[in-house]
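The values are calculated or read from the model by the stated rules, or taken from the named source; none is laboratory data. Here the structure is a predicted model, which means the values were calculated and not measured. Neighbour counts run over all protein chains shown; Cβ positions are idealised from the backbone, glycine included. When the accessible area is computed, the model is the full protein with side chains, heavy atoms only, and any ligands, DNA or RNA have been set aside. Shrake-Rupley method; radii C 1.70, N 1.55, O 1.52, S 1.80 Å.
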Amino acid sequence: MTPRPLVPGLVAEGEADEGFLGIVISRQLRELTWTSPYAVDVEATEVVSCRREHIVAALEDLAADCHLLFTHRDERERGRADGIRYHSHYLVPVIGLGDTEAWLLADRAVWAGLAGSDPDVLPARPRDVERITDPAAVLAATVPRRGKPPRDYFEYIGRNIDLAVLAQVPAYANWVAETRNALKGLGYL
């Protein structure tokens, strides 16, 4: 049986979106479709970076090539409805990721694996990362002190974070549930 392709798209707002979320999205989709009765080939996440005022154009660009789209919501947009929406005439599901900055901090073990990092500044329970008021400051305190900026670790964390640990973060678990529903609606599950 020839695998059915699944191309995710992400409208990114910054470096963490591109380096971390793009990887995590593909990894999570592979895990979700692992139990599918169909052969599914999850491809790398296509990422378009843009400012908020250009999001519609970015969604249009991605919708032409992607089966499922994800958007990031920053602090300014708290309280707006997330969930599955359909975009344009392509009828491509668009799923809001919510506030994701703290997701990088959920897995103490992945940070402990980086020499020079300080995972002791992280909460003991993954779910408690949502209570961090300044994730950027905690991230800066966690990264190894080798003169590299935090963004240099985003891809590493995205590839190595334990998805089961990340799923203990309520916002992440909600995003996974919405994504699962979208995959069912698209016939992937």
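Summary of computed values
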| item | result |
| --- | --- |
| Candidate residues T71, T35: accessible-area rank, largest first, probe 1.4 Å | T35, T71 |
| Fraction of accessible area attributable to carbon and sulfur, the range 7-54 (%, probe 1.4 Å) | 50 percent |
| For A12, residues with placed amide H under 5 Å, excluding near neighbours | V48, S49, C50 |
| Residue-normalised accessible area of the chain, expressed per residue, 1.4 Å probe, Å² | 50 Å² |
| Unit charges on C-beta of K, R, D, E only; dipole of the range 103-160, Debye | 100 debye |
| Helix-only [θ]222 nm of the chain, DSSP H runs n ≥ 4, -39500 (n - 2.57) each, per residue, nearest 500 | -9000 deg cm²/dmol |
| Residues with amide H under 5 Å from that of V92, placed H, sequence gap 5 or more | H87 |
| Spatial extent of the range 103-160: Rg and Dmax, with the Cα atoms as the point set, Å | 10.4, 29 |
| Fraction of accessible area attributable to carbon and sulfur, the range 103-160 (%, probe 1.4 Å) | 48 percent |
| Gaussian network model of the chain, springs between alpha carbon atoms under 10 Å - residue of V92, V42, V56 with greatest fluctuation | V56 |
| Label point 7 Å beyond Cα of N160 along Cβ direction - residues of the range 130-145 with amide nitrogen under 16 Å | 142-145 |
| Cα coordinate range in the chain, projected on the principal axes (Å, largest first) | 47, 39, 28 |
| Amide H partners (placed H, <5 Å) of R4, local residues excluded | A39, V40, D41 |
